[in-house]
1. Is at least one residue of the stretch 135-149 closer than 14 Å to Ser72 by Cβ and at pLDDT 95 or above?
2. Given the structure, is Lys201 in contact (Cβ under 8 Å) with a residue 24 or more places away in the chain and basic (Lys, Arg)?
3. Of all residues in the stretch 106-128, which are crowded, with 20+ Cβ neighbours inside 10 Å and not in a loop (DSSP other than H, G, I, E, B)?
4. What about Glu151, is it more than 9 Å from the ligand (Cβ to nearest atom), under 22 Å from Arg59 (Cα atoms) and in a strand (DSSP E or B)?
5. Looking at Cys66 and the list (1) more than 11 Å from the ligand (Cβ to nearest atom); (2) within 24 Å of Asn136 (Cα to Cα); (3) in contact with an Asp or Glu (Cβ under 6 Å, 6 or more places away or on another chain), which single condition is not satisfied?
6. Ser133: near the ligand (Cβ under 10 Å from one of its atoms) and not in a strand (DSSP E or B), yes or no?
7. Any idea which residue in the stretch 37-59 is farthest from the ligand (Cβ to nearest atom), counting only those that are charged (D, E, K, R), farther than 21 Å from Trp16 by Cβ and in contact (Cβ under 8 Å) with a residue 24 or more places away in the chain?
Amino acid sequence: MSQEDFSKGSNFERGWKKRFGQYADARDDDAGIAGWTQSGLETRVRNFDALWAPATEARSWLDAGCGAGTYSRFMLGKGKQVVGLDYCFPAVKKALNRSSNGVGWGVADVTRLPIANGSFDGAICFGVTQALSTSNEVSRELAAAVKPGGEIWIDALNSACLPHLLGRLKRKLLQRDMHLRYESPRQLRRAMEDAGIVKLKRYWIPILPYRFCRYQWIFETRVMRGLLHSVPVLGALLSHGFVIKGYRQQ
Ligand SMILES: C[S@@+](CC[C@H](N)C(=O)[O-])C[C@H]1O[C@@H](n2cnc3c(N)ncnc32)[C@H](O)[C@@H]1O
């Protein structure tokens, strides 16, 4: 595999599927099952909690690539009907064991969802695109899974983030394969637009590495959020990831 080869069916996707299975087999906490650090997962969920304001009538939600079911349970707790899907059977089994009744769980690939068109009012897909060869198929599948006008949230690892740039450079110099797929908001936007998702809005997600997590609060102050929002280049350089929200075209 060349250093930037993320072609469909490549070792890259297969490697990640195997790794996610190993995480889920080995761990019993939400973060571990999904392959996150505890502080990283907490930061992500806090971010989503701050941003997500669905309409009351948007009742049914799909959590695509649900891992341990963290977001499924979160949305259930907000009064939504939720289905959590993941291609990793051990993760789905653990999600089921960790949850009270209320969420529907299933094993499925987010790039080939076995779901009738327009089944949900909304869909999220978090922590998945970095392990996919492209964001095109998942965008198309999520667009088809929600009703026209339905809300869709997809996140990705930010290719312009400084530590990521340095990490990728190091891998290039050492001629090592890329471990994760990074992308720019522009690339993900294009994938979502091509899938018929409109009214796109991007939010930066700054997440400090575990060893600096005690300083994470600085990035969550109103001043810092405002700065990242109003100076996009700063957001791009400092944010570990980003999330794009949009709506299926009516
Ligand atoms: C990093 S975890 C994120 C889990 C959860 N969404 C979260 O954010 O905490 C990524 C999850 O996506 C799942 N996944 C990756 N590629 C997938 C695919 N093509 N179809 C379904 N699930 C997938 C993995 O099995 C894993 O459980």
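1. Within the stretch 135-149 (the criterion being closer than 14 Å to Ser72 by Cβ and at pLDDT 95 or above), the answer is no, since none of the residues qualifies.
2. Working: in contact (Cβ under 8 Å) with a residue 24 or more places away in the chain: yes; basic (Lys, Arg): yes.
Yes: the conditions hold for Lys201.
3. Phe120, Asp121, Gly122, Ala123, Ile124, Cys125
4. Taking the combined requirement at face value, the residue satisfies it.
5. (1)
6. yes
7. Glu57
Here is a yes/no grid of residues against (1) away from the ligand (no atom under 11 Å from the Cβ); (2) under 20 Å from Ala145 (Cβ atoms); (3) without any contact (Cβ under 8 Å) to a residue 40 or more places away in the chain:
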| site | (1), (2), (3) |
| --- | --- |
| Ser10 | yes, no, no |
| Lys18 | no, no, yes |
| Gln22 | no, no, yes |
| Asp28 | yes, no, no |
| Ala31 | no, no, yes |
| Trp61 | yes, yes, no |
| Leu76 | yes, yes, yes |
| Val82 | yes, yes, yes |
| Pro90 | no, no, no |
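The values are calculated or read from the model by the stated rules, or taken from the named source; none is laboratory data. What you see is a predicted model, and the numbers here were worked out from it, not measured in a lab. Quick reminder, even Gly has a Cβ in these numbers, built from the backbone with ideal geometry, and neighbours come from all protein chains shown.
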